[in-house]
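Notes to accompany the following structure.
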Amino acid sequence: MSAKRSILIINPNSTQGMTDALKPLVDELNYNETQFSFFTAPSGPKSIDNEEDAAESAEHCLPSLKPLLERHHGFLVACFSQHPLVPLLKDQDAIKRERKSVTGIFEASIGSSLLAMGREQRFGIVTAGKAWEELLTKAMSTWLGSGLERFAGVESTGLKAVELHDAPAEDVKTRMLQATTRLVKRGNVGAICLGCAGMAGMNETVREACIDELGEQKGRAVVIVDGVQAGVGFLESALRAGL
């Protein structure tokens with residue numbers, strides 16, 4: 001394994017275009033001392049739109065990932081869900097032996113939101129398909145437990161993850177604006193998570209909705225959390241600390 005810090009970013013669906021859209025987000029962070037590699041599922045779902053898709057994608061990814069585990073120090077699963085690939089990777093001997101860091105963008109986004117917003121504020125999620133509203137709310141209950149009052153909820157665009165790239169751009173933007181507005185109207189929202197890796201680069205659309213609903217000053221104060229950047233930041237910090 002290279003002496004240089006190395007992080008593998010894993011897109012567990014089989015759409016290469018979604019992987020390619022993650023690369024500029026990582027470049028923006030300017031972690032020049034770390035080498036970043038990208039993995040796209042070799043087969044399986046083109047879009048992960050429910051728990052069944054997530055489970056199937058893990059089955060398609062794991063055999064191809066196993067030979068790569070020795071080569072990298074950290075691993076980021078770029079799917080906004082409690083993706084089964086995260087615990088599966090953590091359970092691999094090559095990971096446990098050297099105590100390598102593994103996280104998903106879901107977990108990283110929660111932590112970043114809680115750290116970034118005010119103590120009395122809440123965070124919420126703008127996600128893709130309607131099914132994720134219930135699934136992510138359930139997952140959040142598991143993660144936050146008694147801290148669920150910090151969670152404002154989930155609003156969806158109604159689009160599949162792959163449609164965020166394939167559907168007409170104006171339709172995608174309109175749906176993103178509408179979902180964000182509904183979320184902000186829930187009140188006291190200090191942070192918004194982009195709840196799908198397919199939303200890479202859509203920060204400004206979310207910001208626009210925040211400003212339209214809250215005004216310039218309050219709208220710009222809302223923290224927008226990109227899960228890929230949050231996950232990379234978490235892994236970078238862990239590796240620097242030797243965790």
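Structural remarks
- Considering (1) over 23 Å from ASP20 (Cα atoms); (2) in the same structural domain as ALA21 (by TED's automatic domain parsing); (3) surrounded by 15 or more Cβ atoms within 10 Å (Cβ to Cβ), the lone condition that LEU89 does not fulfil carries the number (1).
- Residues (among the aliphatic types (A, V, I, L, M) and either under 11 Å from ILE224 (Cα atoms) or free of Cβ contacts under 8 Å to residues at least 24 places away in the same chain (or both)) located in segment 192-205: ILE192, LEU194, MET202
- If you go through segment 192-217 and keep only what is farther than 29 Å from ASP166 by Cβ and loosely packed, with under 14 Cβ neighbours inside 10 Å, you end up with GLY215, GLU216, GLN217.
- Qualifying residue in segment 48-60 (condition: without any contact (Cβ under 8 Å) to a residue 12 or more places away in the chain and on the phi > 0 side of the Ramachandran plot): no
- Residues (surrounded by 19 or more Cβ atoms within 10 Å (Cβ to Cβ) and either within 18 Å of CYS196 (Cα to Cα) or in contact with a strand residue (DSSP E or B) (Cβ under 7 Å, 6 or more places away or on another chain) (or both)) located in segment 66-78: HIS72, HIS73, GLY74, PHE75, LEU76, VAL77, ALA78
- Options SER81, SER113, SER109; residue that is over 17 Å from VAL232 (Cβ atoms), in contact (Cβ under 8 Å) with a residue 24 or more places away in the chain and buried (at least 23 other Cβ atoms within 10 Å of the Cβ): SER81
- Selection count, segment 164-178, where residues are assigned to a loop (DSSP other than H, G, I, E, B) and either acidic (Asp, Glu) or surrounded by 14 or more Cβ atoms within 10 Å (Cβ to Cβ) (or both): 1
- Cβ pairs under 6 Å, 6+ apart, first in segment 165-191 and in the same structural domain as ALA128 (by TED's automatic domain parsing), second in a loop (DSSP other than H, G, I, E, B) and loosely packed, with under 12 Cβ neighbours inside 10 Å: GLY190/GLY118
- Filter pass, ALA161 being crowded, with 19+ Cβ neighbours inside 10 Å and in a helix (DSSP H, G or I): no
- Listed by position, the strands (runs of 3 or more DSSP E) inside segment 1-98 whose residues that are of a type in the set (Ser, Thr, Tyr) number at least 2 are 34-40.
- Any chance GLU134 is closer than 28 Å to GLU163 by Cα, among the acidic types (Asp, Glu) and outside the structural domain of ASN11 (by TED's automatic domain parsing): yes
- Subset of segment 218-241 (residues that are in a helix (DSSP H, G or I) and within 16 Å of ILE192 (Cα to Cα)): LYS218, GLY219, ARG220, ALA221, GLY227, VAL228, GLN229, ALA230, GLY231
- In segment 124-152, residue surrounded by the fewest Cβ atoms within 10 Å (Cβ to Cβ) [restricted to those that are basic (Lys, Arg) and part of a helix (DSSP H, G or I)]: LYS138
- Residues located in segment 145-158, provided they are under 17 Å from the mean Cα position of the chain (by Cα) and either of a type in the set (A, V, I, L, M) or not assigned by TED's automatic domain parsing to the domain that holds MET199 (or both): VAL154
The values are calculated or read from the model by the stated rules, or taken from the named source; none is laboratory data. Quick caveat, the model's predicted, so the values are computed rather than measured. No Cβ is skipped: glycine too gets one built from the backbone with ideal geometry, and neighbour counts run over all protein chains shown.
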